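Beneath this line is the structure, given in structure tokens, with notes to follow.
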Amino acid sequence: MAQSIYALLVGINNYPSHITDLAGCVNDVGNVRGYLRDTFGDSAHIVELLDSDANRENVIREFRDHLGKAQAGDVALFQYAGHGAQWKSAPEFSSFNPSGWDEGLVLHDSRNGNNYDLADKELPILLAETAKNGPHISVWMDCCHSGSATRTAADFSQLTKRQTHKHPPTNNRTYQFPLSV
């Protein structure tokens, strides 16, 4: 069993008015928190970012500050429940992503001003930073493209689409490496 579990749980139901709200994401986080507390007690170190607290700056900071504490023998767990999205890839990424599409997590402040979704090019950087200390890493994503393998037939009547509208083209977007807020 893990020595300690460092969990970053992100759930967004209430988005700004230009993004459709969701239902159940905050409940999902509460269920995972309850499971971790009941199962692992004091060895579960949990940070929750819900709704407006689940912004780009906070998610990146807690990845580094909280999940970055996990050492060899520990578990670093990232859970995301919210919108996911796709947008056209910049031509520079065509050799890495032949589909021509980037994907990402729509955080609470995504698409406000110059704020972007947390892109699939950025999440691996955060995971690699977390991995430097040697913990086991687990990522739980409940957003678009996550599938329906765990749903029963009765659940299909309650499904809510978790992919928001496509982000405006980002062919001129500049990615910063190393990742910065």
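Computed from the coordinates by the stated procedures, all read-outs in this text should not be read as laboratory data. What you are looking at is a predicted structure, and each value in this text was computed from that prediction instead of being measured. Positions of Cβ are generated from backbone atoms using ideal geometry, with glycine treated the same way; all protein chains shown enter the neighbour counts.
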All aspartates and glutamates inside 15 Å of LYS132 as judged from Cα atoms, apart from same-chain residues fewer than 8 positions distant: ASP65, ASP74
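For VAL10, VAL26, what's the fewest-to-most ordering of other Cβ within 10 Å of each Cβ? Let's see the in-between values first.
Working: VAL10 28, VAL26 21.
Listed from fewest to most nearby Cβ atoms, that is VAL26, VAL10.
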Two-decimal log10 I(q)/I(0) for the range 37-90, as the Debye equation yields it once each C-alpha is a single scatterer, q = 0.27 Å⁻¹: -1.19
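Eigenvalues of the Cα gyration tensor times 5, then square-rooted: what semi-axes does that give for the range 5-158, in whole angstrom, largest first?
Details: eigenvalues 119, 89, 50 Å².
Semi-axis lengths for the range 5-158 are 24, 21, 16 Å.
Just the number, please: percent antiparallel of the DSSP beta bridges in the range 5-158, rounded to the nearest 5. Could you put the intermediate results ahead of the total?
Numbers: 7 of 28 bridges.
Taking every DSSP beta bridge with both residues in the range 5-158, the antiparallel ones total about 25 percent.
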Proximal aspartates and glutamates to LYS69, defined as alpha-carbon separation beneath 17 angstrom and excluding residues fewer than eight positions away on the same chain: ASP42, GLU48, GLU129
Sorted peptide list for 101-109, 136-144, criterion being average Cβ within 10 angstrom, highest first: 101-109, 136-144
